[in-house]
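A quick write-up on the structure given underneath.
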Amino acid sequence: MRVLNYLEFEDRLDRSGISTSVAHQRAALSRTDADVTYLTTPWYGGDMVLAGLNRLVNGQGLAEFDLVHANMIGPGTAFVVRRAKRKDIPVVLHAHVTSEDFAESFRGSNLLATPLRRYLKWFYSQADLVLCPSEYTRRTLQEYPIDVPIRSITNGIDLDSMAGHEQFREEYRDRYDLEGMVVFAVGSVFERKGLTTFCEVAQHTDYDFAWFGEYDGSLLGSRTVRKWTKHPPENVTFTGWIEDKRGAFAAGDVFLFPSKVENQGLVVLEAMAAGKAVVLRDIPVFREYYEDGHDCLLCSTREEFEDALERLEANPDLRERLGENAKETAQQHSLDRVAEGLADAYREVTTH
């Protein structure tokens with residue numbers, strides 16, 4: 001079976017969680033026992049312009065494939081899906097985007113969330129099967145409603161990508177002047193990710209806080225992001241993009257992720273793979289995958305987050321126990337599990 005594993009705008013999304021998830025899919029497909037090969041571009045010859053010219057001359061604009069597995073929601077993807085359906089080629093759409101997790105991201109994202117939901121209802125309903133990262137997301141999509149089968153499959157974690165992170169600890173702590181028990185987050189800085197909570201917890205504690213990830217301080221960024229990144233609390237550092245994510249997980253001690261909405265949260269699995277104590281907001285998707293007091297601490301209010309940090313500082317054994325259990329949880333989301341899930345999904349759409 002030749003699968004088109006397609007990420008539209010791949011060059012622009014190279015620092016996103018979606019790009020990481022797609023990289024996990026491709027790595028998983030490379031190790032599956034199923035008879036699957038994949039290509040990453042739908043265009044004949046690998047170039048959209050050349051494909052268009054070839055279609056005019058020879059009538060062929062798309063490459064040859066047996067199944068479409070698309071990971072984005074743009075016009076190029078919609079075109080490929082339409083052409084595939086005309087040829088009775090099965091279509092799997094991966095729901096990385098919902099209107100719920102789009103809100104509170106970029107400037108104007110809240111206004112666009114409602115029309116986006118209408119578009120997603122139509123778009124995902126074109127598939128033979130929709131994949132999504134969690135049962136929480138599956139239930140969310142069912143409420144749109146999406147009237148095609150929906151299956152949850154973990155985004156997975158490339159455990160090898162975290163190997164050797166410890167060697168970066170001194171370098172990154174020195175670079176950002178971090179001392180003591182460092183509370184940290186990783187990923188793009190958005191209000192949806194719990195930015196205000198992160199900063200307000202910092203204001204009420206004495207720990208060093210660091211957020212490793214890009215942020216938009218221009219007028220295109222949200223007002224909340226501009227407010228906190230331009231005038232952060234004295235004990236908060238926003239690093240911007242870093243060249244090696246392992247440096248973030250080495251420098252930090254407690255991963256604080258008060259995100260309001262997630263479809264899974266890849267950075268949580270990365271923190272767990274690094275053996276860090278993890279403190280999360282108590283939302284359904286985290287309850288689905290993690291257990292409070294076993295591999296994480298779940299909190300609902302600023303005061304609960306502060307109390308969790310105090311407990312972890314006072315009890316290094318608790319930090320170590322949570323981190324060791326978190327490592328075991330991360331291993332349950334290996335790329336082998338992703339490979340099995342994808343192989344099952346492809347069999348489902350090609351045998352019905």
Checklist entry - What are the residues in the stretch 182-240 that are aromatic (Phe, Trp, Tyr) and closer than 22 Å to residue 298 by Cβ, if any? => result 184, 190, 198, 207, 209, 211
Checklist entry - Is it fair to say residue 34 is modelled with pLDDT of 90 or more and either within 26 Å of the chain's Cα centre (by Cα) or part of a loop (DSSP other than H, G, I, E, B) (or both)? => result no
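From 333, 352, grab the single residue that is modelled with pLDDT under 95, within 27 Å of residue 129 (Cβ to Cβ) and either more than 16 Å from the chain's Cα centre (by Cα) or not aromatic (Phe, Trp, Tyr) (or both).
Testing whether each residue is modelled with pLDDT under 95, within 27 Å of residue 129 (Cβ to Cβ) and either more than 16 Å from the chain's Cα centre (by Cα) or not aromatic (Phe, Trp, Tyr) (or both) leaves just 352.
Quick one: which residue in 109, 125 is surrounded by 15 or more Cβ atoms within 10 Å (Cβ to Cβ), at pLDDT 95 or above and of a type in the set (Ser, Thr, Tyr)?
Just one listed residue meets the conditions, 125.
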Checklist entry - Name the residues in the stretch 37-47 that are modelled with pLDDT of 70 or more, out of contact with any Leu (no Cβ under 7 Å at 6 or more places or on another chain) and open to solvent by 60 Å² or more (accessible area, probe 1.4 Å), would you? => result 37
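Does any residue of the stretch 293-302 turn out to be of a type outside the set (Phe, Trp, Tyr), part of a helix (DSSP H, G or I) and touching a Phe, Trp or Tyr at 6+ places or on another chain (Cβ under 7 Å)?
No, every residue in the stretch 293-302 fails to be of a type outside the set (Phe, Trp, Tyr), part of a helix (DSSP H, G or I) and touching a Phe, Trp or Tyr at 6+ places or on another chain (Cβ under 7 Å).
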Next on the checklist: Of everything in the stretch 179-209, what is closer than 16 Å to residue 240 by Cβ, open to solvent by less than 40 Å² (accessible area, probe 1.4 Å) and not in a helix (DSSP H, G or I)? Give them in sequence order.
Outcome noted: 184, 185, 186, 187, 189, 190, 193, 209
Next on the checklist: Quick check on residue 95: is it of a type in the set (Gly, Ala, Ser) and either free of Cβ contacts under 8 Å to residues at least 12 places away in the same chain or open to solvent by less than 10 Å² (accessible area, probe 1.4 Å) (or both)?
Outcome noted: yes
Checklist entry - Within the stretch 230-266, how many residues are of a type in the set (D, E, K, R), part of a loop (DSSP other than H, G, I, E, B) and farther than 22 Å from residue 203 by Cβ? => result 3
Item to check | Residues satisfying the stated conditions in the stretch 239-264, i.e. open to solvent by 10 Å² or more (accessible area, probe 1.4 Å) and more than 20 Å from the chain's Cα centre (by Cα) | outcome: 253
Checklist outcome for this item: (1) part of a loop (DSSP other than H, G, I, E, B); (2) modelled with pLDDT of 95 or more; (3) not acidic (Asp, Glu) all hold for residue 219 apart from (2)
Checklist outcome for this item: Residue count, the stretch 305-339, condition of a type in the set (S, T, N, Q) and in contact with a His (Cβ under 7 Å, 6 or more places away or on another chain), comes to 1
Checklist entry - Can you tell me which residue in the stretch 267-290 is nearest to residue 209 (Cα to Cα), limited to those that are touching a residue at least 24 places away in the same chain (Cβ under 8 Å) and assigned to a loop (DSSP other than H, G, I, E, B)? => result 276
Item to check | Enumeration of residues in the stretch 53-75 that are touching a helix residue (DSSP H, G or I) at 6+ places or on another chain (Cβ under 9 Å), at pLDDT 70 or above, open to solvent by 10 Å² or more (accessible area, probe 1.4 Å) and outside any loop (DSSP other than H, G, I, E, B) | outcome: 62
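The values are calculated or read from the model by the stated rules, or taken from the named source; none is laboratory data. Remember, predicted model here, so these are calculated numbers, not experimental data. Every residue, glycine as well, gets a Cβ built from its backbone with ideal geometry; the counts of neighbours run over all protein chains shown. With ligands, DNA and RNA removed, areas are computed over all heavy atoms of the protein, side chains included. Shrake-Rupley method; radii C 1.70, N 1.55, O 1.52, S 1.80 Å.
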